[in-house]
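Please read the structure below before turning to the comments.
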Amino acid sequence: MPAIPASKPYRIGRSKTGLGLFATRPIKKGSKIIRYFGPLLDCNKKKHDAIENKYLFQLNKRWTIDGSVRKNIARYINHACKPNAESDVNPRKKKIVIRAIKNIEPGEEINYDYGTDYFKEYLKPIGCKCDACEKKRKKKAAEARAEKKAEKLKQQAKADKLKAKASNGKVLNGKVLNGKAAKTPAKAKPAKAKSEKAKSEKAKSEKAKAKAGGKAVKTKGAKVAKAKTAEKPATGKSKAKAASKAKRADA
């Protein structure tokens, strides 16, 4: 890894895609960060035109800079779809400078857009790993999960509706279907209350029987006693009949 003077506002560090260039101090918008350099290739020469690598930076139809040399620190700058820097190309001077298009804070990775051709040839097949694309993929994945969940709930609701229709309003899985709720069973009364009620019913029955048979019933389980009929006083007619019977007996 090439040495970088302490006066430079950047350093080489570990990135998502391997190595990257990071700011070591604030870099103001519009300021020059670093120059992209390397051997100048003439595309009209077959020897130069045959060179292929990922660090070729085209100035125009004829001239290209081969930035694969290790002294070219700018080669460590990664691509971003929403970058904080840009490549300032000067074909006349055959120079390329990387310039900040935003204020870059210390620790922030420096990046620029590599262009459509490079993106299609090298990045699209493997998937761009810049922050913007990562966020886009995460958002898309979250939307897909939400859509899948909604579809699952929809299918479940449909299945529940069919079950409800088939069961004629019965309760399935603890849910009320067709607007009918399951009747809760009545609470069982205490055994003591049942016993008292039975005793009361028995007492009433015995009292009714006693009344029908001319008997009196004492309350609270008292013994049933025979009812005594009161003696009626003798009338005048009954006295006369008795005297007549007595005379006949004497005769």
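Here, each number is a calculation from the coordinates, and none is a lab measurement. Please read these numbers as outputs of a predicted model, since none were measured by experiment. In this analysis, Cβ positions are derived from the backbone assuming ideal geometry, glycine residues included, and neighbour counts consider all displayed protein chains.
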- Task: Excluding residues on the same chain fewer than 8 positions from residue 161, give the aspartates and glutamates whose Cα lies under 19 Å from its Cα.
- Result: 151
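Roughly what % of DSSP beta bridges within the range 73-155 run antiparallel, to the nearest 5? Don't skip to the end; give the middle numbers.
On the way: 6 of 8 bridges.
Roughly 75 percent of the beta bridges in the range 73-155 run antiparallel, per DSSP.
Report, in listed order, any pair from 47/129; 120/140; 54/93 with a Cα-Cα distance greater than 29 Å. If you can, show how the numbers build up before the last one.
Details: 47/129 34 Å; 120/140 21 Å; 54/93 23 Å.
Going by Cα-Cα distance, 47/129 fall outside the 29 Å limit.
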- Query: Based on the Cβ-Cβ distance from residue 7 to residue 103, what FRET efficiency comes out when R0 is 30 Å, to the nearest 0.05?
  - Reply: 0.90
- Compute the distance in nm between two label points, each set 7 Å from the Cα along the Cα-to-Cβ direction, one at residue 51 and one at residue 156. 6.2 nm
- Message: Per residue of the range 77-83, what does 6.51 cos²θ - 1.76 cosθ + 1.60 with θ = phi - 60° give for ³J(HN,Hα)? Whole Hz please, x for Gly and Pro, Karplus curve as stated.
- Response: 6, 8, 7, 8, 6, 10, x
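Under the rule a/c < 1.5 gives rounded, and otherwise a/b versus b/c splits prolate from oblate, where does the range 104-154 land using the Cα gyration tensor? Working shown, then result.
On the way: a/c = 5.04, a/b = 1.85, b/c = 2.72.
Because a/c hits 1.5 or more and a/b fails to exceed b/c, the range 104-154 counts as oblate.
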- Query: From the phi of every residue in the range 50-59, what ³J(HN,Hα) in whole Hz does the Karplus formula 6.51 cos²θ - 1.76 cosθ + 1.60 yield, where θ is phi - 60° and glycine or proline is x?
  - Reply: 7, 6, 10, 6, 7, 10, 6, 10, 7, 8
- Note on the structure: Listed by chain and number, the residues whose amide H is under 5 Å from that of residue 102, excluding neighbours fewer than 5 places away on the same chain and using placed H, are 30
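Does the range 10-126 come out rounded, prolate or oblate, given a ≥ b ≥ c as the square roots of the eigenvalues of its C-alpha gyration tensor, rounded meaning a/c under 1.5 and, failing that, prolate meaning a/b above b/c?
Numbers: a/c = 1.93, a/b = 1.56, b/c = 1.24.
Prolate is the answer for the range 10-126, as a/c is 1.5 or above and a/b outweighs b/c.
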